[in-house]
1. Rank the residues 130, 107 as a footprinting-exposure proxy: fewest other Cβ atoms within 10 Å of their Cβ go first.
2. Quick check on the exposure proxy: order 114, 106 from fewest to most C-beta atoms within 10 angstrom.
3. Determine one quarter of the surface area of the Cα convex hull of segment 128-179, which equals its mean projected area, and express it in nm² to one decimal.
4. Evaluate the relative contact order of segment 83-175 (contact order divided by residue number), counting alpha-carbon pairs under 8 angstrom at least 6 apart; express in whole percent.
5. Once label points are set 7 Å from the Cα along Cα→Cβ at both residue 161 and residue 84, what is their separation, rounded to one decimal in nm?
6. Write down the radius of gyration of segment 83-175 and its Dmax, each obtained from C-alpha positions, in Å.
7. As a footprinting exposure proxy, order 174, 80, 113, 59 by other Cβ within 10 Å, with the fewest listed first.
């Protein structure tokens, strides 16, 4: 009877220790720690549970390292992720910001046009990007004091040595509240 109970106990431990859904795996790991810390569990079982827990910790550490490397590679990739003007619409603001996530670029050009297509301003960003939540971000603050009332278009072009330039565009709305 003891032999059958110990075999069932081992199968239960293996089932609890199996890799499955990560949320369920966390619950299983919590249960394993509970059993491991219990004084009622025999020493042989505790050493077996300890080995399972060490293996799980190694797995989680490797998974975190891989995830970090993938995130870093994605952030460095030369392509647009997010490009937007904020706030949009810019009600009563003279200097909204254009937020640009383009990975690592050598330079970023920003051109802003009014509703008729006339160039209002242009700028070239050559500074190193900010790292915000793992993304490389360039920001351009609209410099004009005479923001037009209505819709403006912006065009963003990023350059990187050895790569074709990438380009995107968007619109922003200005609602003037001053004279």
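Just so you know, all these numbers are worked out from the coordinates, no wet-lab data involved. This structure is a prediction, so every number in the text was calculated from the model and none was measured. Backbone-built Cβ (ideal geometry, glycine too); neighbour counts: all protein chains shown.
1. Listed from fewest to most nearby Cβ atoms, that is 130, 107.
2. Neighbour counts put them in this order, fewest first: 106, 114.
3. 5.4
4. 35
5. Modelled inter-label distance: 3.4 nm.
6. For segment 83-175, the Cα-based Rg and Dmax read 13.2, 42 Å.
7. 59, 80, 113, 174
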